[in-house]
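Novice: Below are the structure tokens for one structure; questions will follow.
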Amino acid sequence: MDQILSVKEKESSESASYRLLDLRSDIPSRIYWSAGGLFFIFIFILWLFLTSLKIVSPLFLPGPEAVWDEFLRQLHEGILLQDASASLYRIMLGWIISTIIAVPIGILMGNFKLFEGMLEPFIDLIRYMPAVAFVPLTILWAGVGNSQKILILFIGTFFQEVLMIMDNVKSVPRELIEVSSTFGLSRFEILRDVILRYAMPGIWDTFRITLGWAWTYLVVAELVAASSGLGYRIMKAQRFLQTESIILGILMIGLMGLITDMIFKFTYRKLFRWLDGKG
Amino acid sequence: MDSPALEISQLSIKFKSNNQKEITAVENVSLNINSNEFVSIIGPSGCGKSTLLRAAAGLERPQFGKIRVDGHIVTHPGADRGMVFQTYTLFPWLTTYENILFSLKKSPLSTPEKEALVNHYIQMIGLEGFENAYPNQLSGGMRQRVAIARALVYQPKILLMDEPFGALDAQTRMSMQELLLDVWDQQRLAVLFVTHDVEEAVILSDRIYVMSNRPGRIKTMIDVELPRPRGLIDLESSPAFLSYKRNLLDLIRQESNFYQKIPLSEKIA
Ligand SMILES: Nc1ncnc2c1ncn2[C@@H]1O[C@H](COP(=O)(O)OP(=O)(O)OP(=O)(O)O)[C@@H](O)[C@H]1O
Ligand SMILES: [Mg+2]
């Protein structure tokens, strides 16, 4: 009896440890999130270790405490909030304008071969042009004010976003469209009630991803003739070799990008519960 | 005399393949289905069964020939024909109840009438208790039952089914056949049923059209004179059933042999 029991125990503990590295299998969410947290802590300790033992010079990599001090300084002087809100404003505006135009055009391209044939080659051409290369042009076109920054963010986001939305729309299975047409629905009704409904989670994910990209274009957007913004702060700090200010700026951009990302992930789960079958 | 529920005359459908070669999927097919009649089409894979059915649904455009439903020429998909596909085509964002209700969007019925109708069909397919389940919470058989209810609820003249049980295991398949016979008993309408399962065709049909290999033509038509209602267990061991089955298997096998005689080069092209 005892033997059987112990064999069983062994089996179950073994299968539990197996499950952690099973292909594609789910793991307890506790472990999932702890793994992410622990990795952050690991990187932080590594950073602390490298800097406090003076393995790298503070000019190249200042320690966490120096960055923290810089954070407090900028916070007290009000620069940080000013920079963050200036950047957030540009990002949101650039991304929203891009999205407002990309959604209808992407839907047209995904549904009608005519629009795909007309626009895809052109968009393909532009999307490989680096956004930095547009900086001089955008200054000529839009001056040196906020609109130039927003334009750069738009260029960096829009052309990718259109193609992604086109793909989202195309992911709707043909049979789903066909079966809807046998219910006597018009083309417009199928588009609205079937194609867009089906594509919506994918489109929402495209929003999340493209907003993330907009953040990565921030420094490029604030490269020239800016007087505030996280990207501007980074560029300025480079001239005065204030490495801690650079790192703070990078961390802030990363953090704000992460927050917007999480907002979209969270709303995704709320909006599309049917995806995992929970009403 | 009434016009047949579905009338296909001299239908030919060609496709252009990638290398611009024309493939004749359906060639000169004529067939009739009377209202209340259950008709199957069997034939080897690739012989054009789905294409024929899709044309009847209005999803393929014929190069030649006419398709009439209740005397009216078919040009578009429409609510006088219901369609059930082999693949799962439920809307994943809608529950069982909502999926069935969705196909009544264009119906002139009042909301309470629609609701009563949907509930009636949920009962008919035996999915009480699953009204609020989403498709990914249902088994394959359950999903096809919902698809059948969804295609019947708006009272089409003819039900078109393209290997609806093809993706199911043998056990489920059999209970689905029983369910379909049951449902059909309650709502008599014309059915055109595509399958390549000979037994399935005999069990369900009043008549069976056998299609030849590509280009798909009608090879023969067989009347299935087995009494209804048909109990599957008794039926499958009856001599009459076995002789139909044998006869059909022979016909199909001839087609498969023919297939092997096509030179390989032509098959690839
Ligand atoms: N859209 C299309 N474009 C080009 N060729 C097609 C198209 N649809 C079908 N065909 C060709 O037409 C022929 C008949 O196809 P169909 O799908 O009707 O066969 P089937 O009898 O339903 O086969 P199966 O039993 O495997 O489902 C095949 O050779 C197929 O390659
Ligand atoms: Mg087929």
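Novice: How shielded is B:83-92 by partner chains, expressed as the average number of their Cβ atoms within 10 Å of its Cβ atoms?
Specialist: Numbers: counts 6, 2, 7, 1, 5, 3, 9, 2, 8, 8.
Average per residue, whole number: 5.
Novice: Further question on the same structure: Please compute the modelled spin-label separation between A:Leu46 and A:Leu23, points set 7 Å along Cα→Cβ, answer in nm with one decimal.
Specialist: 2.9 nm
Novice: So, counting K/R as plus one and D/E as minus one, what does the shell of residues with Cβ under 15 Å around A:Lys265 add up to? Write out the running numbers ahead of the final one.
Specialist: Details: positive: A:Arg208, A:Arg269, A:Lys270, A:Arg273; negative: A:Asp205, A:Asp261, A:Asp276.
Within the 15 Å Cβ shell, the charges total +1.
Novice: Partner chain Cβ atoms within 10 Å, averaged over the residues of B:152-161 - can you pull that number for me? Present the calculation step by step, with values, prior to reporting the outcome.
Specialist: Numbers: counts 0, 1, 3, 0, 3, 0, 0, 0, 1, 0.
Average per residue, whole number: 1.
Novice: Once you list every other residue whose beta carbon is under 11 Å from the beta carbon of A:Leu251, what net charge do they have if Lys and Arg are +1 and Asp and Glu are -1? Could the numbers behind the result be given before it?
Specialist: Numbers: positive: none; negative: A:Glu70, A:Glu244.
Computed value for this residue: -2.
Novice: Quick one: net charge of A:Gln160's neighbours, Cβ under 14 Å, K/R +1, D/E -1?
Specialist: Working: positive: A:Arg127, A:Arg208; negative: A:Glu120, A:Asp124, A:Glu161, A:Asp167, A:Asp205.
So the environment of A:Gln160 carries a net charge of -3.
Novice: Further, regarding this structure: Can you give the direction-averaged projected area of the convex hull of the alpha-carbon atoms in region A:71-222, in nm²? Don't skip to the answer; put the middle values down first.
Specialist: On the way: hull surface 43.1 nm².
The Cα convex hull of region A:71-222, projected and averaged over all directions, gives 10.8 nm².
Novice: Counting only heavy atoms of the protein chains, get the accessible area per residue of region A:64-276 (1.4 Å probe) and round it to a whole Å² value.
Specialist: On the way: 10560 Å² over 213 residues.
Solvent-accessible surface per residue comes out at 50 Å².
Novice: Now a separate question. Hey, what does the equivalent ellipsoid look like for the protein assembly as shown, semi-axes from the Cα gyration tensor as sqrt of 5 times each eigenvalue, largest first, whole Å? Could you put the intermediate results ahead of the total?
Specialist: Working: eigenvalues 725, 188, 105 Å².
So the equivalent ellipsoid measures 60, 31, 23 Å along its semi-axes.
Novice: Can you tell me the relative contact order of chain B? Whole percent, Cα pairs under 8 Å, sequence separation 6 or more.
Specialist: Details: 489 pairs, mean separation 69.4, N = 269.
For chain B, the relative contact order is 26 percent.
Novice: Moving on to the next point. On average, how much accessible surface per residue is there in chain B, in Å², for a 1.4 Å probe, leaving out ligands, DNA and RNA? Before the final figure, lay out each step's value.
Specialist: Working: 12430 Å² over 269 residues.
Roughly 46 Å² per residue, with all protein chains present.
Novice: If you don't mind, there's one more thing I want to ask. So, with +1 on the Cβ of K and R and -1 on the Cβ of D and E, and no other charges, what is the size of the charge dipole of region A:99-211 about its Cα centre, to the nearest 20 debye?
Specialist: Values: 9 positive and 10 negative charges, 43 e Å.
Magnitude of the dipole: close to 200 debye.
Novice: So which aspartates and glutamates can B:Lys105 reach, going by Cα to Cα under 20 Å and dropping same-chain residues fewer than 8 places off?
Specialist: Candidates past the 8-residue exclusion: A:Glu175, A:Glu178, A:Glu189, A:Asp193, B:Asp80, B:Glu113, B:Glu115, B:Glu131.
Novice: Please work out the Kirkwood hydrodynamic radius for chain A, using every pair of different C-alpha atoms, and report it in angstroms with one decimal place. Don't skip to the answer; put the middle values down first.
Specialist: On the way: mean 1/r = 0.0442 Å⁻¹.
Computed over Cα pairs of chain A, the Kirkwood hydrodynamic radius comes out at 22.6 Å.
Novice: If you take each beta carbon of peptide B:131-138 and count the beta carbons of other chains within 10 angstrom, what is the mean?
Specialist: On the way: counts 0, 1, 2, 7, 2, 4, 5, 1.
Mean partner-chain Cβ count within 10 Å for B:131-138: 3.
Novice: Once the convex hull of the C-alpha atoms of chain B is built, how many Å³ does it hold per residue, rounded to a whole number?
Specialist: Details: hull volume 39.3 nm³, N = 269.
Once divided by residue count, the hull of chain B is 146 Å³.
Novice: Next question. Just how many pairs of Lys in chain A have C-alpha atoms closer than 17 Å, counting pairs that are eight or more places apart or on different chains?
Specialist: Numbers: A:Lys113/A:Lys170; A:Lys149/A:Lys236; A:Lys265/A:Lys278; A:Lys270/A:Lys278.
Lysine pairs meeting both conditions in chain A amount to 4.
Novice: Something else: If packing is taken as the average number of other Cβ atoms within 10 Å across a peptide's residues, how do A:195-205, A:253-263 rank, most packed first? Walk me through the numbers before you get to the answer.
Specialist: Numbers: A:195-205: 18.3, A:253-263: 14.3.
Peptide ranking by packing, descending: A:195-205, A:253-263.
Novice: Extending each Cα 7 Å along its Cβ direction at B:Gln123 and B:His76, get the distance between those two points in nm, one decimal.
Specialist: Those two pseudo-labels are separated by 3.6 nm.
Novice: Something else now. Sticking to Cα atoms, compute the Rg of region B:1-154 to one decimal and its Dmax as the biggest Cα-Cα distance, whole number, in Å.
Specialist: 17.9, 54
Novice: What is the interface area between chains A and B, defined as buried accessible area summed over both chains with a 1.4 Å probe, reported in Å² to the nearest 100?
Specialist: Numbers: alone 17730 and 13440 Å², together 29120 Å².
Interface between A and B: roughly 2100 Å².
Novice: Which is farthest toward the positive dipole end of region A:64-276 among A:Leu153, A:Tyr198, A:Gly249, measuring Cα position about the Cα centre, with Cβ charges +1 (Lys, Arg) and -1 (Asp, Glu)?
Specialist: Value computed over the given set: A:Tyr198.
Novice: Next up: Say each of A:Tyr89 and B:Leu109 gets a label point 7 Å from the Cα, pointing the same way as Cα to Cβ; how far apart are those two points in nm?
Specialist: Computed distance between label sites A:Tyr89 and B:Leu109 equals 5.7 nm.
Novice: Further question on the same structure: Which of A:Val162, A:Val135, A:Val179 ends up with the largest GNM mean-square fluctuation for chain A, with Cα atoms connected below 10 Å?
Specialist: Greatest mean-square fluctuation among the candidates belongs to A:Val179.
Novice: What ranking, highest mean first, results for peptides A:150-158, A:87-95 when packing means the other Cβ atoms within 10 Å averaged over each residue?
Specialist: Values: A:150-158: 25.3, A:87-95: 22.1.
Packing proxy ranking, top to bottom: A:150-158, A:87-95.
Novice: Going toward the positive end of the dipole of the protein assembly as shown, with +1 on Lys and Arg Cβ and -1 on Asp and Glu Cβ, which of B:Gln186, A:Ala225, A:Ala84 do you reach last?
Specialist: A:Ala225
Novice: While we're looking at this one, here's another question. At a 1.4 Å probe radius, carbon and sulfur cover how many percent of the accessible area of region A:163-254?
Specialist: 60 percent
Novice: For the protein assembly as shown, what is the percent of antiparallel DSSP beta bridges, rounded to the nearest 5? Walk me through the numbers on the way to the answer.
Specialist: Values: 20 of 38 bridges.
Just about 55 percent of them are antiparallel.
Novice: If r is the Cβ-Cβ distance from A:Val56 to A:Met235 and R0 is 22 Å, what FRET efficiency results, to the nearest 0.05? Display every interim value, and only then the final one.
Specialist: Values: r = 23 Å, r/R0 = 1.03.
After rounding to 0.05, the efficiency reads 0.45.
Novice: Something else about it: Taking GluC sites (Glu not before Pro) as candidate sites, keep only those in a DSSP loop with at most 15 other Cβ atoms within 10 Å, then name the longest stretch of chain B containing none of them.
Specialist: Working: sites that count: B:Glu128, B:Glu131, B:Glu225.
The segment B:1-127 is the longest one with no such site.
Novice: Which of these, A:Asp22, A:Asp193, A:Asp83, has the largest mean-square fluctuation under a Gaussian network model of chain A (Cα springs below 10 Å)?
Specialist: Maximum fluctuation in the GNM of chain A, among the listed residues, is at A:Asp22.
The values are calculated or read from the model by the stated rules, or taken from the named source; none is laboratory data. From a predicted model like this one, the values you see are computed outputs, not experimental measurements. Neighbour counts are summed over all protein chains in view; Cβ atoms, including those assigned to glycine, are modelled from backbone coordinates with ideal geometry. The area values use the complete protein model at the heavy-atom level, side chains included, leaving out ligands, DNA and RNA. Shrake-Rupley method; radii C 1.70, N 1.55, O 1.52, S 1.80 Å.
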